[in-house]
1. Could you work out how far helix B:2-20 tilts from the main Cα principal axis of chain B, as a 0 to 90 degree angle to the nearest 10?
2. If I take R0 = 41 Å and measure r between the Cβ atoms of A:Asp69 and A:Val38 in this structure, what FRET efficiency does the formula 1/(1 + (r/R0)^6) give, to the nearest 0.05?
3. Find how much the distance from A:Ala112 to A:Thr177 grows on full extension, using 0.36 nm per residue of separation minus their present alpha carbon separation; answer in nm with one decimal.
4. Taking beta carbons within 10 Å but only from partner chains, what does the mean come to for residues A:47-54?
5. One quarter of the convex hull surface, Cα atoms only: what value does that give for the range B:39-155 in nm²?
6. Report, as an integer, the average count of C-beta atoms from other chains found within 10 Å of each Cβ along B:37-43.
7. What's the ranking of A:184-190, B:124-130 by average number of surrounding C-beta atoms within 10 Å, highest first?
8. For chain A, what is Rg from Cα atoms divided by 2.2 N^0.38 Å, rounded to two decimals?
Amino acid sequence: MIRHRMRIFFGAALTVLTAAGCRTEAHYIDPGGPEALVTVSSVDPAEWRKVAGEAAESLIASGALKRNDGMEPVVMIGRIRNYTLLHLEMGLLTNRLRQAILASGQAKVTSATGYGGNLERAVRRVRGIENDDLFDQRTVMKRGTVVAPNFSLAGMVIQQNAFAGRTEESYYMFHLTLTDLATGIAVWEKNVDFAKQATRPAL
Amino acid sequence: MKRQGLFAAAAVLAALGLAGCQDTINTVENRDLAMTPSAVDTRAFNTDSFCRDRLALVSTRSTVTPGGVMMVQAQIRSERYGFWSELWSGMTGTNPYHVLYRFDWMDENGMAVSTAANAWQTAIFAPGETKFLQGVAPNSRCRDFILSVREDPSAK
């Protein structure tokens, strides 16, 4: 009887120790590295980086940001429409694209206008103080000094899901377009796509 | 004696069956090449002997793009074809072979330049497949690069 109880006790202790050993402390990971989670149902950090990286490389390599009219290239980050059923934070993509364009030295990026966000509000607000005697009017930004964009970067993301038995597959395609605002002609386009698949357990 | 014969026949049948399951890439190219690529003399620092043996660096080429930045393409071929290699990769769940790669770029002062693309990218190699891992410099001042390749453990 005692031996039986001892067996149960040691078995329970072993189970508790094993379960405790499975715990993982919070730790830092490389957001685009192999430790990062890969899910079928969403766009993961590594994929945002992939899309931004491939698009930025293609745009910088293309030479599409060069202008023949002598004007300095200025890019407005437009809307990237989300045609998926997911809530996607497009800032994860557009912020990287802004940085890549600026770092390339091929064009400037405007914060004065664009889709969404609050980047452009300060440019307009600061001109609202032009009659405020609190401010030295010589230091107040004047009207007619903001440089207008001559390129617009916009796009869309599309998702398609497929199921076959216990296997689920998600396909995502990002499509980006750079439009010359003087002519309305698309001067650069890029698709970045990826697909992910997972099979649920039978039980 | 009869049993040994049966074993041998079964082994041959299994080998033929497995060999028939090979899903390798076969290629044809024009013999007289018209291209005149600008080859890059490279030196490699390998720490993963498995990755080194499974992927062969065929060539590395560079050019300057219309945007005035340097572009590099590393032609890499999967060496995981042949009966034993296919058998092993099938058993270990590494067929096709998933790798991650990343380009790091240096400016004229040797300083690493941060880029939007400075992240691990995925590449999936079927046995015998050749792929071109491509990197574009973030600006026209970058002339030197490091290509890092590692196995993707999350894909096993």
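Laboratory data are not the source of any read-out in this text; all were calculated from the coordinates shown. Everything quoted here is computed from the prediction, not taken from an experiment. Heads up, the Cβs are rebuilt from the backbone with ideal geometry, glycines too, and the neighbour counts pull from every protein chain shown.
1. Approximately 30 degrees, to the nearest 10.
2. Details: r = 45 Å, r/R0 = 1.10.
About 0.35, to the nearest 0.05.
3. Numbers: separation 65, 0.36 × 65 = 23.40 nm, distance 2.02 nm.
Gain on extension, A:Ala112 to A:Thr177, equals 21.4 nm.
4. On the way: counts 1, 1, 6, 5, 1, 4, 11, 5.
Across A:47-54, the average partner-chain Cβ count within 10 Å equals 4.
5. Numbers: hull surface 30.7 nm².
Over all viewing directions, the range B:39-155 projects a mean Cα-hull area of 7.7 nm².
6. Numbers: counts 0, 0, 0, 0, 0, 0, 0.
Across B:37-43, the average partner-chain Cβ count within 10 Å equals 0.
7. Numbers: A:184-190: 13.9, B:124-130: 17.4.
The peptides rank, most packed first, as B:124-130, A:184-190.
8. Working: Rg = 26.2 Å, N = 203, 2.2 N^0.38 = 16.6 Å.
Ratio of Rg to 2.2 N^0.38 Å for chain A: 1.58.
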